[in-house]
Amino acid sequence: MKNVEIRKIQLLADSRTNHPIYYCHSSDIGHSPHLLISFEEGVVRLRARNLCYKVKLNPQGKNRVDMYMSVEQAVNLALALVDVADTSEEVEPLKINFNPGAKASGNMQLPQIHWTRSARYIRAAARTKTGTVFSAKANGSIYIDLETPDATHIRMVEKEVHIGVDMAVPNGTHDIAKAVAVTVPDSELQRGRNEKNPIMKTEGDFFLEISGSIALGLGRFLLTEGLYDI
């Protein structure tokens, strides 16, 4: 089993479902987003176990798990995927044309996206202690892209790899009473939404299963081409 640190993971639900955003960033105190990579029962599994998430207001309309990592962290992920894939068959992630600006909303400027690839996953799920439960989307895909920040961005300051996992509409009922009130440094508060101490936090889990051939193809793509194609 390989342990790969990442920069951020967030669990997103359509705001109309009355679920919040769950947000785990490595720069926040008490947060250590990472992925455990293993080959088990014929598949490659990526897990994020018992992570601490901030419970945030939700203005968006996606059902998805997002992971962000530096180029160095993406190299470590790629090496782990290649190492555990346990196959010689390679399926390169599919190149797709995608214009995120076509669906942009709100005041936040989007990062520049240099390429986007996709692949099918086998299973995926996520849950939080406050009661939100995500399951796999039928024929669900993962999307991988390379991004650089807009000049207006605060937390994103360098090139990053983004992996998005499409999820079904979440089940369960988010119960904020099951979260924990935590006082954080003022620098961690989201001023644009008038966030104030104490904020609410909870724990959550996420896992993703992909085939060994897709894991090998994704890992090799990142190591040989993807991280340098700008």
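So which residues in the range 33-48 are crowded, with 18+ Cβ neighbours inside 10 Å and among the small types (Gly, Ala, Ser), if there are any at all?
Ala48
Take the residues in the range 9-18 that are surrounded by 15 or more Cβ atoms within 10 Å (Cβ to Cβ), of a type outside the set (Gly, Ala, Ser) and in contact with a Gly (Cβ under 8 Å, 6 or more places away or on another chain), then tell me which one is nearest to Ala215 (Cα to Cα). Steps first, answer last, please.
Of all residues in the range 9-18, those surrounded by 15 or more Cβ atoms within 10 Å (Cβ to Cβ) come to 9-15, 17.
From what is left, the residues that are of a type outside the set (Gly, Ala, Ser) are 9-12, 14, 17.
Checking which are in contact with a Gly (Cβ under 8 Å, 6 or more places away or on another chain) leaves us with 11, 14.
Working: Leu11: 22, Asp14: 29 Å.
Looking at residues that are surrounded by 15 or more Cβ atoms within 10 Å (Cβ to Cβ), of a type outside the set (Gly, Ala, Ser) and in contact with a Gly (Cβ under 8 Å, 6 or more places away or on another chain), I get Leu11.
Take the residues in the range 49-74 that are surrounded by fewer than 20 Cβ atoms within 10 Å (Cβ to Cβ) and in contact with a helix residue (DSSP H, G or I) (Cβ under 7 Å, 6 or more places away or on another chain); name whichever of them is nearest to Ala136 (Cα to Cα).
Checking each candidate, the answer is Gly61.
For the range 163-170, indicate whether the set of residues that are surrounded by fewer than 19 Cβ atoms within 10 Å (Cβ to Cβ), among the small types (Gly, Ala, Ser) and modelled with pLDDT of 90 or more is non-empty.
Within the range 163-170, the subset surrounded by fewer than 19 Cβ atoms within 10 Å (Cβ to Cβ) is 168-169.
Going one step further and asking which of them are among the small types (Gly, Ala, Ser), we end up with 168.
In the following step, the residues that additionally are modelled with pLDDT of 90 or more were identified as 168.
Within the range 163-170, one or more residues are surrounded by fewer than 19 Cβ atoms within 10 Å (Cβ to Cβ), among the small types (Gly, Ala, Ser) and modelled with pLDDT of 90 or more.
Consider the range 180-227. How many of its residues are surrounded by fewer than 18 Cβ atoms within 10 Å (Cβ to Cβ), among the β-branched types (Val, Ile, Thr) and assigned to a helix (DSSP H, G or I)?
Selection size over the range 180-227: 1.
How many residues does the range 102-136 hold that are within 27 Å of Leu222 (Cβ to Cβ) and either in a strand (DSSP E or B) or at pLDDT below 95 (or both)?
At the first step, the residues of the range 102-136 found to be within 27 Å of Leu222 (Cβ to Cβ) are 102-104, 108-126, 134, 136.
Keeping just the survivors that are either in a strand (DSSP E or B) or at pLDDT below 95 (or both) gives 102-104, 108-120, 123-126, 134, 136.
Residues flagged as within 27 Å of Leu222 (Cβ to Cβ) and either in a strand (DSSP E or B) or at pLDDT below 95 (or both) within the range 102-136 amount to 22.
The values are calculated or read from the model by the stated rules, or taken from the named source; none is laboratory data. What you are looking at is a predicted structure, and each value in this text was computed from that prediction instead of being measured. Methodologically, a virtual Cβ is constructed for each residue, glycine included, from the backbone with ideal geometry; neighbour enumeration extends over all protein chains shown.
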